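One structure below.
The numbers here are math on the coordinates, done by the rules we state, and not lab data. All of these numbers come straight from a predicted model, not from anything done at the bench. We place every Cβ from the backbone using ideal geometry, glycine too, and count neighbours over all the protein chains shown.
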Amino acid sequence: MKKLGLLLLPMLAIALMLGGNAFAQNVGDNSVYFVTYYSNANTSGAPDGTLRIINDGDQATTAVEGVENGTLWAHIYIFDDSQELRSCCACQITADGLLSESVNKQLTSNEFTGRGEMTRGVIKVVSSPSPDPTCNIDPVPGLRGWMTHIQATTTTFPAPGAGSSVNAVEKGPWFVTETLLADSNLTGLEASNLATLCSYGLTIGSGYGTCPCTPEDYDF
């Protein structure tokens with residue numbers, strides 16, 4: 001019995017080591033592209049939505065204490081519900097940092113088309129080592145994000161025949177939910193399209209279209 005016990009202990013230790021390594025290798029992922037939506041933005045009586053992104057330190061390197069490294073930029077592209085890009089920006093997030101962006105005050109406040117307030121649409125985020133959202137570069141992993149969503153409890157639709165351009169009238173009270181940004185596949189074509197659309201929009205917008213980035217230590 002003693003000999004059997006002595007044999008089992010090394011085998012158990014090896015199994016734990018192998019299992020631990022396998023577990024460590026399967027934790028996390030290398031996602032660089034995320035999507036989400038916003039709803040009921042810039043709506044009277046509705047609370048503001050918030051996009052929160054952290055830098056998980058994946059790109060951090062060994063450095064002297066106090067020397068900043070591993071900084072990434074969240075390339076953010078905001079579309080309306082007509083699939084048109086309305087604003088874009090690159091917000092800096094240092095390693096282990098937290099960025100909070102208001103949907104009403106930041107992401108949709110400076111759109112470049114001049115077509116009025118944005119109430120719903122899609123937000124795309126690329127994890128990038130570059131501060132330029134108009135440049136089609138190779139992204140790197142390291143960002144993770146969450147989004148709060150503003151849900152109306154009652155909705156009154158326009159009567160039939162009222163016109164296809166009439167929007168539904170949504171009323172509170174409101175529910176606020178929060179979800180992880182959805183991982184997506186970033187193709188070379190998609191990366192190029194996002195950079196090109198952002199570049200054209202900012203150029204034509206003549207100062208409009210850049211979503212202002214709040215400091216990392218400011219929250220909504």
Residues Arg86, Arg52 arranged by fewest to most Cβ contacts within 10 Å = Arg52, Arg86
Can you put His75, His149 in order, fewest other beta carbons within 10 Å first?
-> His149, His75
What is the order of Phe220, Phe112, fewest Cβ neighbours within 10 Å to most?
-> Phe220, Phe112
Treating only the Cβ atoms of Lys and Arg (+1) and Asp and Glu (-1) as charged, compute the dipole magnitude of segment 43-135 about its Cα centre; round to the nearest 20 debye.
-> 300
What FRET efficiency do you get for Asn30 and Thr153 if R0 is 35 Å and r is their Cβ-Cβ distance, rounded to the nearest 0.05?
-> 0.35
Which of the peptides 124-134, 38-48 is most tightly packed, and how do the rest follow, going by the mean number of other Cβ atoms within 10 Å of each residue?
-> 124-134, 38-48
A correct Stokes-Einstein calculation for segment 34-205, using the alpha-carbon Kirkwood radius, 25 °C and 0.890 mPa s, returns a whole-number D in µm² s⁻¹ of 142
